[in-house]
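Undergrad: I'd like to ask some things about the structure below.
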Amino acid sequence: MTLLGIDVGGSGIKGALVDGETGKMISERYRIPTPKPRTPDAMTDVIAEIVAHFDHKGKVGCGFPTIIKNGVCKATGNLDPSWLGVNVEKVLEKKTGLDFTVINDADAAGYATMNYGTGKGEKGLVIMITIGTGLGSGAFLDGRLIPNFELGQIPYKKYEKIEKWAAGSAKDKEGLSYKKWGKRFNTFLEYVELIVSPNLIILGGGASKDFDQFKSQIKIETKVIPAKLQNHAGIIGAAVASLHKIINEAL
């Protein structure tokens, strides 16, 4: 079965076709910059444009950059405040006429990584951190998802949430070297280690492909590794989430 996966990020909204059996991307990734402001109307227009680009008529999975519960946006994160309380699945289904499964973006990336990538077969508590505009996190206990595990929302000093200080966007905005930014990111990982004591931390998102440039700054005891799927994990995980919704409906 061919599925469409869409990964909504703070700087870009990406989509690709995915083979539901193998979890492999079977098309080139198509990306459109995330509109500003990040309002429901503007963002759903872009997502509909991505659906139209692939001329896709089947199920769609969408990773969304905030807390999602039963398809409803429960926090705005880096989005426009008007998203709060919106049923994202219903809005997208009305816009496109297709069946959408919407989950947290870090959960989507983690799902792909745990089923098709670096985390496959890993036991215990595994935390997936996606580094981008924010710091997304997905938690898996013996391979099972614990949804909406948003560790990037931890308050830190003068910052409302630590991702404002330690995300990839902070590195870019302040022109930090990987060494300087890596120290900040390590501070975030120290909090993760203190709070949840994971067995393994897997890094995804745009910065994961540059892990060699900042791994010397990672000083925590927990093993930290980059995701093999890197920046494609969110697309793959979102697509496969729509497949598992199909399976669950059939049971």
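The values are calculated or read from the model by the stated rules, or taken from the named source; none is laboratory data. Treat the numbers as computed from the prediction; the structure is a model and nothing was measured. Every residue, glycine as well, gets a Cβ built from its backbone with ideal geometry; the counts of neighbours run over all protein chains shown. When the accessible area is computed, the model is the full protein with side chains, heavy atoms only, and any ligands, DNA or RNA have been set aside. Shrake-Rupley method; radii C 1.70, N 1.55, O 1.52, S 1.80 Å.
Undergrad: Would you please list the contacts, defined by Cβ atoms under 7 Å and residues six or more apart or on different chains, that run from a residue in segment 61-78 that is under 18 Å from Gly10 (Cα atoms) to a residue that is among the aromatic types (Phe, Trp, Tyr) and surrounded by fewer than 24 Cβ atoms within 10 Å (Cβ to Cβ)?
TA: If the second residue must be among the aromatic types (Phe, Trp, Tyr) and surrounded by fewer than 24 Cβ atoms within 10 Å (Cβ to Cβ), the pairs left are Cys73/Trp83; Thr76/Trp83.
Undergrad: Scan segment 87-102 and report the pairs whose first residue is basic (Lys, Arg) and whose second residue is at pLDDT below 95, with Cβ atoms within less than 8 Å and a gap of 6+ or a chain change.
TA: From segment 87-102, the pairs are Lys90/Gly71.
Undergrad: Here's something else I'd like to know. Looking at (1) closer than 17 Å to Pro65 by Cα; (2) at pLDDT below 95, which is the only condition Ala166 fails?
TA: (2)
Undergrad: Considering only residues that are surrounded by 13 or more Cβ atoms within 10 Å (Cβ to Cβ), assigned to a loop (DSSP other than H, G, I, E, B) and not small (Gly, Ala, Ser), which ones fall in segment 25-60?
TA: Listed by number, the residues that qualify are Arg29, Thr34, Pro35, Arg38, Thr39, His56, Lys59.
Undergrad: If you don't mind, there's one more thing I want to ask. I need the full set of residues from segment 74-93 which are more than 25 Å from Lys59 (Cα to Cα), not small (Gly, Ala, Ser) and not in a loop (DSSP other than H, G, I, E, B), in order please.
TA: Passing the criteria: only Pro81.
Undergrad: Considering only residues of segment 17-58 that are more than 19 Å from the chain's Cα centre (by Cα) and of a type in the set (Lys, Arg), which is nearest to Ala167 (Cα to Cα)?
TA: Once the filter is applied, the top-ranked residue is Lys36.
Undergrad: Another question, if that's okay. Any chance you could count how many residues in segment 61-71 are farther than 21 Å from Leu17 by Cβ and open to solvent by less than 10 Å² (accessible area, probe 1.4 Å)?
TA: Result for segment 61-71: 2.
Undergrad: A further question follows. Open to solvent by 10 Å² or more (accessible area, probe 1.4 Å), under 24 Å from Ala16 (Cβ atoms) and of a type in the set (Lys, Arg): does that describe Lys120? Can you show your working first?
TA: Working: open to solvent by 10 Å² or more (accessible area, probe 1.4 Å): yes; under 24 Å from Ala16 (Cβ atoms): yes; of a type in the set (Lys, Arg): yes.
Answer is yes for this residue.
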